[in-house]
Amino acid sequence: MRTLNYELKQLCYRNRDGSFGTQADRLHILHLIVDHLHEAGFRNLHAAGLKPKHVDALTQRWVTESLNPGTIKNRMAQLRWWAEKIDRRNVVARDNATYGIANRTLVSGDDKSRTLTPTDLSRITDPYTSLSLRLQAAFGLRRAESIKVQPAWADRGDHLALKPTWCKGGRAREIPIRTDAQRQLLNEAKAFAGSGSLIPADKKYVEQLRRFEHQCQRAGIHRVHGHRHAYAQARYLELTGWKAPSAGGPSSKALTPEQRAVDHEARLIISRELGHEREAVTAVYLSR
């Protein structure tokens, strides 16, 4: 499938839709799709040869794997982008429900947090991936941010500064350095990366992203976004004095007026630290 990978890469280079981060994520997803097509038994496929049977095979696999609906929808978006660029839009049905893909549920009330354990890290053999995972857990970083971050540049003493080019939507932000553990980890990351990022000098972001995912899959570390949920819950407890609803704490309706004011302020702070513009988004991490 090297030919297909090459053709899709050229298709991306000729159609630079979206930000640099969006383009990199698109290419990564398309490479993943090629791998899944290969595993499904399709050989000698060219970019212009995408057909409904290929889409059916992919979606059946993703639904069977019980992936997060949001993850599947992101992959479907890139399949539609591919179909559009080869002028074969009808290859992919317009409605995801056609393939049995459930609607995305933003606020479920379930605890989606994930704790990064020493056992997890012992299974990671790539030091870049290990540090990225630890930074995710310690600072609530997104996956891309934890890979692109330049620790020496980002360390501003009392806070971590993230460049717009590292962040979703190009929104720069600052995250406080509050604990000795955070300071020690950041010092370790700076010593390791020097003046660079957590992308090896001989690799591009997409290549390190693929290595990161491969390392996590092999180590049995799934849904790394759960590290951000855990960060949000820990910050909520720290700021309010009680657990978040998703962690077993009281719902907003059960709070006193005074507690609701504290709850609201805490959610605003956490929203900014996670890189969101609206307090309401924190319900995804904390529930109401």
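The values are calculated or read from the model by the stated rules, or taken from the named source; none is laboratory data. Everything numeric in this text was worked out from a predicted model, so none of it was measured. Every residue, glycine among them, receives a Cβ derived from its backbone with ideal geometry; neighbour counts consider all protein chains shown.
Values as computed for the structure displayed
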quantity: Residue ID - surrounded by the most Cβ atoms within 10 Å (Cβ to Cβ), chosen from residues in the stretch 1-35 that are among the charged types (D, E, K, R) and assigned to a helix (DSSP H, G or I); calculated: Arg26
quantity: Residue check, Gly157 in contact with a Ser or Thr (Cβ under 7 Å, 6 or more places away or on another chain) and over 16 Å from Pro127 (Cα atoms); calculated: no
quantity: Extreme residue, surrounded by the most Cβ atoms within 10 Å (Cβ to Cβ), among residues of the stretch 188-203 that are touching a residue at least 12 places away in the same chain (Cβ under 8 Å) and more than 21 Å from the chain's Cα centre (by Cα); calculated: Ala193
quantity: Matching residues in the stretch 204-224 - criterion: being crowded, with 16+ Cβ neighbours inside 10 Å and of a type in the set (Asp, Glu); calculated: Glu213
quantity: Unique match (being surrounded by 20 or more Cβ atoms within 10 Å (Cβ to Cβ), touching a residue at least 12 places away in the same chain (Cβ under 8 Å), of a type in the set (Lys, Arg) and under 23 Å from Asp158 (Cβ atoms)) among Arg267, Arg272; calculated: Arg267
quantity: So Asp180, is it closer than 29 Å to Asp111 by Cα, surrounded by fewer than 18 Cβ atoms within 10 Å (Cβ to Cβ), free of Cβ contacts under 8 Å to residues at least 60 places away in the same chain and not hydrophobic (A, V, I, L, M, F, W, C); calculated: yes
quantity: Count of residues meeting criterion [part of a helix (DSSP H, G or I), under 26 Å from the mean Cα position of the chain (by Cα) and within 14 Å of Arg288 (Cβ to Cβ)] in the stretch 236-262; calculated: 4
quantity: Close pairs (8 angstrom Cβ cut-off, 6 or more residues apart or separate chains): assigned by TED's automatic domain parsing to the domain that holds Lys148 in the stretch 204-221, in a loop (DSSP other than H, G, I, E, B) and acidic (Asp, Glu) anywhere; calculated: Arg211/Asp126; Phe212/Asp126; Gln215/Asp126
quantity: Contacts under 8 angstrom Cβ, first residue in the stretch 107-128 being at pLDDT below 95, partner surrounded by fewer than 15 Cβ atoms within 10 Å (Cβ to Cβ) and small (Gly, Ala, Ser), 6 or more apart; calculated: Asp111/Gly248
quantity: Qualifying residue in the stretch 156-166 (condition: farther than 15 Å from Ser132 by Cβ, modelled with pLDDT under 95 and surrounded by fewer than 22 Cβ atoms within 10 Å (Cβ to Cβ)); calculated: yes
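Yes or no, residue by residue, for (1) in a loop (DSSP other than H, G, I, E, B); (2) touching a residue at least 24 places away in the same chain (Cβ under 8 Å):
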| residue | (1), (2) |
| --- | --- |
| Asn44 | yes, yes |
| Arg61 | no, yes |
| Ser66 | yes, no |
| Asn74 | no, yes |
